[in-house]
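Structure record follows, encoded as structure tokens.
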Amino acid sequence: MIENLNGLHETVNYKKNMHLQLYNNDEAENYPPHWHTPFELIMPTSNGYLVHCGNKEYTLREGDLIVICPGIVHELFAPGTGARIIFQPTLPTIAASELDMLISMISPAILITPETHPQIYDRIRRLMLEIRDEYLLPPFFTESSIYSKFMEILVLIGRHHAEAVRQNFTAGNSKQQEYMDKFIFICNYINEHYTEPLTLDEMASMAGFSKYHFTRLFKQYADTSFYKYLNQKRIAYAKTLLIDKELSVLEVSLRCGFSNLSAFLRMFKQLVGCTPSELRKMYDGDFDFL
């Protein structure tokens, strides 16, 4: 299934005249650690599947779905028999800020099952089957149809997450919406300015809260701390910059918004599980990742 692998980087061969690829995969074959720029959606249609992603193991049963975010290193393990849909669409350019925020929320991956997402699971499962069937049709508005279904999957996940967050806010309905609006704005701001020297005090003031109140509400909204959210954005960008061997590790750290190299190295190791130099070796295929 992996047709072009250079170190850890997979170049996806998209279907002719499209920006997506889909496999009705029934191979009893494991796939080594790799990453690519498109999303990857995997849904077993017979038997299960095992995915290692972001230092976490996901066990998929038949009908479960995993959405792996762009740029995330992952490894796949197939049972002796079975089949699964493996769908790799590029990131749509429409609604870019909303999708960027959704990626930050669900990164590195999200597992959709009847137990974890009972309100949206059946619809998402049907959409995946429709995408598979549409992919096999003659290429007349096929890509548009598939992307409309893919976007619906992302919208369902995003709205489900937003509703869960809204219910986390311990305030009345009007305040809940006010808080949601403020933190959507704050996360969009971070997504656009993460390479700048942002501080907790600055973001709290922008939202109109004390830093202690902001810290508590941000955790409720993003399910992580402000600084971890910010550093996840910076480290994700650093991983793309490290492909360019002309850039020193120090220069990468500065371009990503870190004020000193030691802080960058410490955070990179914490979030990625290796050093920047080790990651460069992985890109070349010279390092045993797992």
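The values are calculated or read from the model by the stated rules, or taken from the named source; none is laboratory data. It should be emphasised that the depicted structure is a prediction, and the values quoted were computed from it without experimental measurement. Cβ placement follows ideal geometry from the backbone for every residue including glycine, while neighbour counts extend to all protein chains displayed.
Listing for the model above:
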read-out: Qualifying residues in the range 55-69 (those that are crowded, with 17+ Cβ neighbours inside 10 Å and under 29 Å from L279 (Cα atoms)) - the one farthest from the chain's Cα centre (by Cα); value: L60
read-out: Number of positions in the range 1-49 that are surrounded by 14 or more Cβ atoms within 10 Å (Cβ to Cβ) and of a type in the set (G, A, S); value: 2
read-out: Hits in the range 80-95 - residues which are within 13 Å of S46 (Cβ to Cβ) and of a type outside the set (A, V, I, L, M, F, W, C); value: G80, T81, G82, R84
read-out: Any chance S225 is of a type in the set (S, T, N, Q), free of Cβ contacts under 8 Å to residues at least 40 places away in the same chain and within 28 Å of L279 (Cβ to Cβ); value: yes
read-out: Residue selected from the range 96-139 under the condition touching a strand residue (DSSP E or B) at 6+ places or on another chain (Cβ under 6 Å) and under 28 Å from I235 (Cβ atoms), by the criterion surrounded by the most Cβ atoms within 10 Å (Cβ to Cβ); value: I112
read-out: Test: I157 is within 29 Å of L127 (Cβ to Cβ), among the hydrophobic types (A, V, I, L, M, F, W, C) and touching a strand residue (DSSP E or B) at 6+ places or on another chain (Cβ under 7 Å); value: yes
read-out: Yes/no for G80 being touching a residue at least 24 places away in the same chain (Cβ under 8 Å) and surrounded by fewer than 16 Cβ atoms within 10 Å (Cβ to Cβ); value: yes
read-out: Qualifying residue in the range 142-164 (condition: closer than 27 Å to L271 by Cα, more than 18 Å from the chain's Cα centre (by Cα), part of a helix (DSSP H, G or I) and not polar (S, T, N, Q)); value: yes
read-out: Some residue of the range 103-123 being in a helix (DSSP H, G or I), farther than 21 Å from H213 by Cα and among the small types (G, A, S); value: yes
read-out: Residue match in the range 175-196 (condition: among the aromatic types (F, W, Y), at pLDDT 90 or above and within 16 Å of the chain's Cα centre (by Cα)); value: no
read-out: Among the candidates E130, E40, residue that is of a type in the set (D, E, K, R) and touching a Lys or Arg at 6+ places or on another chain (Cβ under 7 Å); value: E130
read-out: Residue in the range 82-94 that is closer than 26 Å to P138 by Cα, among the polar types (S, T, N, Q) and modelled with pLDDT of 95 or more present; value: yes
read-out: Boolean, S262 is surrounded by fewer than 15 Cβ atoms within 10 Å (Cβ to Cβ), closer than 20 Å to G7 by Cα and modelled with pLDDT of 90 or more; value: no
read-out: Unmet requirement for H213, which otherwise passes all of (1) exposed (fewer than 15 other Cβ atoms within 10 Å of the Cβ); (2) at positive phi; (3) not charged (D, E, K, R); value: (2)
read-out: Matching entry among I146, I184, I124 (being at negative phi, of a type outside the set (G, A, S) and not assigned by TED's automatic domain parsing to the domain that holds A83); value: I184
read-out: Test result for A236, touching a helix residue (DSSP H, G or I) at 6+ places or on another chain (Cβ under 8 Å), surrounded by 13 or more Cβ atoms within 10 Å (Cβ to Cβ) and aliphatic (A, V, I, L, M); value: no
read-out: Count of the range 60-77 residues which are in contact (Cβ under 8 Å) with a residue 24 or more places away in the chain and over 28 Å from K228 (Cβ atoms); value: 3
